[in-house]
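S.K.: Here it is, the structure in full.
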Number of protein chains: 2
Amino acid sequence: MFLKIFQNECLYFLKPNSFKGINKRNLRNRPDFTKNRYKVTRGNYNYLREDHINYFQTLLGYKRVIMDLSDLEKYNVDWYTQVRGCSSIVLKPKTTQEVSQILSFCNNQKLALCTQGGNTGVVGGCVPVFDEIIISTELMNDIISLDENSGVLVCQSGCILQNLDNFVAEKGLIIPLDLGAKGTCHIGGNVSTNAGGMRLVKYGNMHANVLGLEVVKSNGEIIDCLSTLKKDNTGYHLKHLFIGSEGTLGLVTKVALQCPPRPKYRNVAFLGLQNFSKVLKTYKLLKESLGEILSAIEVMDSTTMQFISEKNQQTSPIGEYPFYLMVETSGSNEEHDQHKLNRFFEKILTKGLVLNGVVASDAKQAGDIWSIRDNVSTGYKHCGAVFYYDISLPLQHYYTIVDIMKTRMGSKCEKVFGYGHLGDGNIHISIVMDEYSDELKNLAEPYIFEQVLALNGSISAEHGLGFMKAKYLNMVKSGNNVNLMKDLKTILDPHMILNPYKVIPEIK
Amino acid sequence: MFLKIFQNECLYFLKPNSFKGINKRNLRNRPDFTKNRYKVTRGNYNYLREDHINYFQTLLGYKRVIMDLSDLEKYNVDWYTQVRGCSSIVLKPKTTQEVSQILSFCNNQKLALCTQGGNTGVVGGCVPVFDEIIISTELMNDIISLDENSGVLVCQSGCILQNLDNFVAEKGLIIPLDLGAKGTCHIGGNVSTNAGGMRLVKYGNMHANVLGLEVVKSNGEIIDCLSTLKKDNTGYHLKHLFIGSEGTLGLVTKVALQCPPRPKYRNVAFLGLQNFSKVLKTYKLLKESLGEILSAIEVMDSTTMQFISEKNQQTSPIGEYPFYLMVETSGSNEEHDQHKLNRFFEKILTKGLVLNGVVASDAKQAGDIWSIRDNVSTGYKHCGAVFYYDISLPLQHYYTIVDIMKTRMGSKCEKVFGYGHLGDGNIHISIVMDEYSDELKNLAEPYIFEQVLALNGSISAEHGLGFMKAKYLNMVKSGNNVNLMKDLKTILDPHMILNPYKVIPEIK
């Protein structure tokens, strides 16, 4: 009985009515299977058998091998309901040793795997495409050590970002990474996707902040580069192989992170501007005037604000304007920071760059302003479907792509809007529609990517390629680069069991 | 005749008296051949033949193929006179295409290569061990572009660091890297060794600051990852493979570098302290009080200062103390920075942490203070021999290693001293002696490395392994890590023509 069930790749969605509590909305939101919608061919992997399950249950115990249909749903569908796998098993290791044994076993048995942290990715990178075994890092959430002098935190990869920040905050430190998904995402996922977020403009990306990693290779070998030193130039810098390779080269089990001193004083301002040209001029002044205390520069257009108002019932604290800037400063001297900010305001008002603005007077107000930005993506939960693009562009073309896509989509969709990390040249473009349609998809893609490349941008600034963009790899990288990627995949994961169908096109 | 000469690996030093202008001092300083001193076995490479030379001369012209004995000397001996190769040819390509053709040819002919930038390395990484063909990046010194808005500089790998900084300074930007060797070292060498230096504490290492690279593989293939975007998460982050791999995986031909705004105001202070415990306490206060404007924290002991006085005729501006701290702040508001610094001085004086101190009152004085630190290594030119170690340690053990080595070496050497980048946990230890001796070498090594590892440190903080430390790779990295390094070497340089005998022990 088991065998028959598990050889069926799409087990649990065959009888959707068997799920309790699924209302019409949820059903509409649940996407078609990835393999059907995107016409993928299953790799030459073995199917899960009863003896495999026995092995996992013996290794982890029954409670850490999840096979209950109602529990599997959330692991098989991504947050943005773009992709839907049909895995019938989730494994929840607690230790590196267990991960090593699982990978070694799956490598020998040619069983494909998909590692999942908080399942907050937006390119289908951490959800299975077919029946890949899901390894969840949920229970790998130990904080191992924190050196208060050096600010080095060592933890397991399943720690939730927000929990880590709360933990180090007590010691006067800050996690250099800050994302809207911080309450859910895992640090291992952040590392594997080279996550960016709000504070990248101040602290840099994961390549800059990760001091060390422990990683398990597909064959179960443990690669220990868990250095806690700020400088270590002995041998190749292996950890960087696993930062941003989206779980396709190894499974990150531990992370050593450099945590800077937590800024004592923070100011958050929310500004309304007339057009994007003034946004750019204000940005230049911001850099000149606020220099080293500038910790975030976010922009959003009026359509984004309208979307937030409609979906999240949050309104602009300063009324309606074509563009909004959110500016955060973080420094060690309140008086100095305030003085710098005031001088900046004088300048932008004198120059007529900003129409209106507000500065948070306390931590609660600052939190309220940030929540506007943090919760953009929460609104997607209340949409029929969203095409969501994460683009990097030279600043002079930053907003051009939104106008291009508005023209392209016309009235065929509900909304097209753009918002993002102006300080990093990174814009997120959302195309919202009542329900998913191939026609709209084909209208948007690959057109948007072609336009981005023509403007010398990147089609994935911070989200990675995952499943959704893997097919464009050959469009954005030269043959030599793709071949080197394939060579790396071959030495690290010769049976290609790690997160197949993601990042790198199939290796022939 | 040519053939006979070039098959002799040690051509030009067979008749040292044939060199003009070599005085007794220089002769004493010129080390024995690396292959003899360190008993290395030559790899299975072909010897240079006349037809090879013809190929190079046709490709580059006669002037860019250096074979004159008197010109070869400086390329065969390192700056610290620790190593000495016997290459009989230096090639000076100007373009990526020429590099590609050279590498492709050498790969087919199984000719070993050694890439050399400014020849300022201190672990014998950029000087041939035997008769490797030297590729000098001296003529690859074009600045390709500078985007003033984003601060992205693109240049060829042979640009001298100081020249780049002078160039971007005119546009209000700064190169995030600053080394004592800045007037000579090439940016390509900085990238290949993941060079650290004074400003790492503020701006991070090369992994944090390099946006893109162009690299030529051993087979001549060009890997173009010359992105100029701050964020680009499309595919594996290949550039990081070549940062810090010391020219053994590819030859860096172009670099895209993120240049931050040049701080408008700089303060430099020079402090005298009683003991290392007070150094650490002062360091903690420095981080708390000066926060985001702190751009360098350098420490040196009294023996280092004595060495500088003797060799460079520079004296401490504040008299003699057991320890010295050099502190630099860089900010956007002179008044604020000065205010922060004054408050810091009040605190350290109240707490009795510092015995004396001086703050530079103008740029010239600041330069004078920095020149003390910059010129430590200049003194080595006037020593018989120096063993020079670049160590990373947890802060509480930072100076322990100097005491350990003083005890170990006793009166058998002239001096043992320590100085370095306190903010990064990076100390440089120098053991100075009248002339090189195997006995002293064996007394120092591997003892110092064993002690460093016992203190959870790194035996190479910022200088790399090069030739001098390659033999310790197996001591500092696990078998799995070394095997992965070998796998990387195999896919990128299967004939092992790139910088052999360096970083990675011979692959069997």
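The values are calculated or read from the model by the stated rules, or taken from the named source; none is laboratory data. Since we're looking at a predicted model, the values are computed, not measured. As a convention, Cβ positions derive from the backbone with ideal geometry for all residues, glycine included, and neighbour counts pool all protein chains shown. Heads up: the accessible areas ignore ligands, DNA and RNA and are worked out on the full protein's heavy atoms, side chains in. Shrake-Rupley method; radii C 1.70, N 1.55, O 1.52, S 1.80 Å.
S.K.: Return the total of residues in the stretch B:227-246 being open to solvent by less than 10 Å² (accessible area, probe 1.4 Å) and touching a residue at least 60 places away in the same chain (Cβ under 8 Å).
M.R.: 2
S.K.: Can you tell me which residue is modelled with the lowest pLDDT among those in the stretch A:281-295 that are under 17 Å from A:Gly357 (Cβ atoms) and surrounded by 19 or more Cβ atoms within 10 Å (Cβ to Cβ)?
M.R.: Here the answer is A:Ser289.
S.K.: Taking interchain pairs and intrachain pairs at least six residues apart, which have beta carbon atoms under 8 angstrom, with the first residue in the stretch A:360-374 and under 12 Å from A:Gln314 (Cβ atoms) and in contact (Cβ under 8 Å) with a residue 24 or more places away in the chain and the second open to solvent by less than 70 Å² (accessible area, probe 1.4 Å) and among the polar types (S, T, N, Q)?
M.R.: Every condition considered, the pairs that remain are A:Ser371/A:Gln314; A:Ile372/A:Gln314; A:Ile372/A:Ser316.
S.K.: Of everything in the stretch A:147-161 that's hydrophobic (A, V, I, L, M, F, W, C) and within 14 Å of another protein chain (Cβ to nearest Cβ), which residue is surrounded by the fewest Cβ atoms within 10 Å (Cβ to Cβ)?
M.R.: Step one: of the stretch A:147-161, the residues hydrophobic (A, V, I, L, M, F, W, C) are A:152-155, A:159-161.
Of the ones still in play, those that are also within 14 Å of another protein chain (Cβ to nearest Cβ) are A:152, A:154.
Values: A:Val152: 22, A:Val154: 19.
It comes out as A:Val154.
S.K.: If B:Leu241 meets every condition in (1) facing chain A (nearest Cβ under 9 Å); (2) hydrophobic (A, V, I, L, M, F, W, C); (3) in contact with an Asp or Glu (Cβ under 6 Å, 6 or more places away or on another chain) apart from one, which number is that one?
M.R.: Among (1) facing chain A (nearest Cβ under 9 Å); (2) hydrophobic (A, V, I, L, M, F, W, C); (3) in contact with an Asp or Glu (Cβ under 6 Å, 6 or more places away or on another chain), the lone unmet condition for B:Leu241 is (3).
S.K.: Going through the stretch B:297-326 one residue at a time, which ones are closer than 19 Å to B:Asp368 by Cβ and open to solvent by less than 10 Å² (accessible area, probe 1.4 Å)?
M.R.: Initial filter on the stretch B:297-326 (closer than 19 Å to B:Asp368 by Cβ): B:297-300, B:304-321, B:324-326.
Passing the criteria: B:Ile297, B:Glu298, B:Val299, B:Met300, B:Thr304, B:Met305, B:Phe307, B:Ile308, B:Tyr324, B:Leu325, B:Met326.
S.K.: Taking the residues in the stretch B:185-198 that are in a loop (DSSP other than H, G, I, E, B) and open to solvent by less than 30 Å² (accessible area, probe 1.4 Å) as candidates, determine which candidate is farthest from the other protein chains (Cβ to nearest Cβ).
M.R.: Here the answer is B:Cys185.
S.K.: I would also like to ask the following. For the stretch B:465-498: of the residues being in a helix (DSSP H, G or I) and among the small types (Gly, Ala, Ser), which is farthest from B:Cys114 (Cα to Cα)? Write out each step before concluding.
M.R.: Filtering the stretch B:465-498 down to residues in a helix (DSSP H, G or I) leaves B:470-476, B:479-492.
Right, trim to among the small types (Gly, Ala, Ser) and you get B:470, B:479.
Working: B:Ala470: 15, B:Gly479: 27 Å.
Looking at residues that are in a helix (DSSP H, G or I) and among the small types (Gly, Ala, Ser), I get B:Gly479.
S.K.: When you scan the stretch A:256-276, do you find a residue that is farther than 30 Å from A:Leu103 by Cα, open to solvent by 10 Å² or more (accessible area, probe 1.4 Å) and of a type in the set (A, V, I, L, M), even just one?
M.R.: no
S.K.: Looking at the stretch A:351-377, which of its residues are of a type outside the set (D, E, K, R), in a helix (DSSP H, G or I) and either on the phi > 0 side of the Ramachandran plot or open to solvent by 50 Å² or more (accessible area, probe 1.4 Å) (or both)?
M.R.: Within the stretch A:351-377, A:Ala363, A:Gln365 qualify.
S.K.: What residue, among those in the stretch A:378-395 that are of a type in the set (Ser, Thr, Tyr) and open to solvent by 10 Å² or more (accessible area, probe 1.4 Å), is nearest to the other protein chains (Cβ to nearest Cβ)?
M.R.: Top of the filtered list is A:Tyr388.
S.K.: Still on this structure, I have one more. Does A:Lys471 count as modelled with pLDDT of 95 or more, open to solvent by 10 Å² or more (accessible area, probe 1.4 Å), more than 8 Å from chain B (Cβ to nearest Cβ) and within 25 Å of A:Asn190 (Cα to Cα)? Talk me through it step by step, then tell me what you get.
M.R.: On the way: modelled with pLDDT of 95 or more: no; open to solvent by 10 Å² or more (accessible area, probe 1.4 Å): yes; more than 8 Å from chain B (Cβ to nearest Cβ): yes; within 25 Å of A:Asn190 (Cα to Cα): yes.
The answer is no for A:Lys471.
S.K.: Moving to a separate point now. Take B:Gly124 and tell me if it is under 14 Å from B:Gly247 (Cα atoms) and open to solvent by 10 Å² or more (accessible area, probe 1.4 Å).
M.R.: no
S.K.: Does the stretch B:166-178 contain at least one residue that is without any contact (Cβ under 8 Å) to a residue 12 or more places away in the chain and either away from every other protein chain (no Cβ under 13 Å) or hydroxyl-bearing (Ser, Thr, Tyr) (or both)?
M.R.: Checking the stretch B:166-178: at least one residue is without any contact (Cβ under 8 Å) to a residue 12 or more places away in the chain and either away from every other protein chain (no Cβ under 13 Å) or hydroxyl-bearing (Ser, Thr, Tyr) (or both).
S.K.: Since B:Thr234 meets every condition but one in (1) touching a Gly at 6+ places or on another chain (Cβ under 7 Å); (2) within 7 Å of chain A (Cβ to nearest Cβ), which condition does it not meet?
M.R.: It fails just one condition, (1).
S.K.: With respect to A:Ala181, is the statement that it is part of a helix (DSSP H, G or I), out of contact with any strand residue (DSSP E or B) (no Cβ under 7 Å at 6 or more places or on another chain) and open to solvent by 20 Å² or more (accessible area, probe 1.4 Å) true? Spell out how you get there, then give the answer.
M.R.: Values: part of a helix (DSSP H, G or I): no; out of contact with any strand residue (DSSP E or B) (no Cβ under 7 Å at 6 or more places or on another chain): yes; open to solvent by 20 Å² or more (accessible area, probe 1.4 Å): yes.
No, not satisfied.
S.K.: Do you know which residues across the stretch A:474-488 are open to solvent by 20 Å² or more (accessible area, probe 1.4 Å) and not hydroxyl-bearing (Ser, Thr, Tyr)?
M.R.: A:Asn474, A:Met475, A:Val476, A:Lys477, A:Gly479, A:Asn480, A:Asn483, A:Lys486, A:Asp487
S.K.: Can you find, within the stretch B:204-226, the residue that is nearest to A:Phe449 (Cα to Cα) among those that are surrounded by fewer than 21 Cβ atoms within 10 Å (Cβ to Cβ) and more than 7 Å from every other protein chain (Cβ to nearest Cβ)?
M.R.: Result: B:Leu226.
S.K.: Something else: Among the residues of the stretch B:396-436, what is the count of those that are under 23 Å from the mean Cα position of the chain (by Cα) and either small (Gly, Ala, Ser) or crowded, with 18+ Cβ neighbours inside 10 Å (or both)? Before you say what the answer is, go through the steps one by one.
M.R.: Going through the stretch B:396-436, the residues under 23 Å from the mean Cα position of the chain (by Cα) turn out to be B:398-399, B:401-402, B:405, B:415-433, B:436.
From the residues that got through so far, the ones that are either small (Gly, Ala, Ser) or crowded, with 18+ Cβ neighbours inside 10 Å (or both) too are B:398-399, B:401-402, B:405, B:416-433, B:436.
Residues meeting the conditions: 24.
S.K.: Still on this structure: Report the residue count in the stretch A:446-468 for those that are surrounded by fewer than 18 Cβ atoms within 10 Å (Cβ to Cβ) and charged (D, E, K, R).
M.R.: 1
S.K.: Looking at B:Thr329, is it more than 9 Å from every other protein chain (Cβ to nearest Cβ), under 26 Å from the mean Cα position of the chain (by Cα), of a type in the set (Ser, Thr, Tyr) and open to solvent by less than 10 Å² (accessible area, probe 1.4 Å)?
M.R.: Answer is yes for this residue.
S.K.: Additional query: Suppose the filter is of a type in the set (Phe, Trp, Tyr), touching a residue at least 40 places away in the same chain (Cβ under 8 Å), in a strand (DSSP E or B) and over 30 Å from A:Leu153 (Cα atoms); does B:Tyr388 pass it? Spell out how you get there, then give the answer.
M.R.: On the way: of a type in the set (Phe, Trp, Tyr): yes; touching a residue at least 40 places away in the same chain (Cβ under 8 Å): yes; in a strand (DSSP E or B): yes; over 30 Å from A:Leu153 (Cα atoms): yes.
Criteria met by B:Tyr388.
S.K.: With respect to the numbered conditions (1) under 30 Å from A:His339 (Cβ atoms); (2) aliphatic (A, V, I, L, M); (3) within 14 Å of another protein chain (Cβ to nearest Cβ); (4) open to solvent by 20 Å² or more (accessible area, probe 1.4 Å), which one is the sole condition not fulfilled by B:Leu341?
M.R.: Status for B:Leu341: all satisfied but (4).
S.K.: Quick check: anything in the stretch A:489-501 more than 7 Å from chain B (Cβ to nearest Cβ), under 23 Å from A:Val127 (Cβ atoms), open to solvent by 10 Å² or more (accessible area, probe 1.4 Å) and of a type in the set (Asp, Glu)?
M.R.: Taking every residue of the stretch A:489-501 in turn, none turns out to be more than 7 Å from chain B (Cβ to nearest Cβ), under 23 Å from A:Val127 (Cβ atoms), open to solvent by 10 Å² or more (accessible area, probe 1.4 Å) and of a type in the set (Asp, Glu).
S.K.: Let me ask another. If the requirement is being more than 10 Å from chain B (Cβ to nearest Cβ), out of contact with any Ser or Thr (no Cβ under 7 Å at 6 or more places or on another chain) and not in a helix (DSSP H, G or I), which of these qualifies: A:Glu450, A:Glu435, A:Glu462?
M.R.: So the residue among A:Glu450, A:Glu435, A:Glu462 that is more than 10 Å from chain B (Cβ to nearest Cβ), out of contact with any Ser or Thr (no Cβ under 7 Å at 6 or more places or on another chain) and not in a helix (DSSP H, G or I) is A:Glu435.
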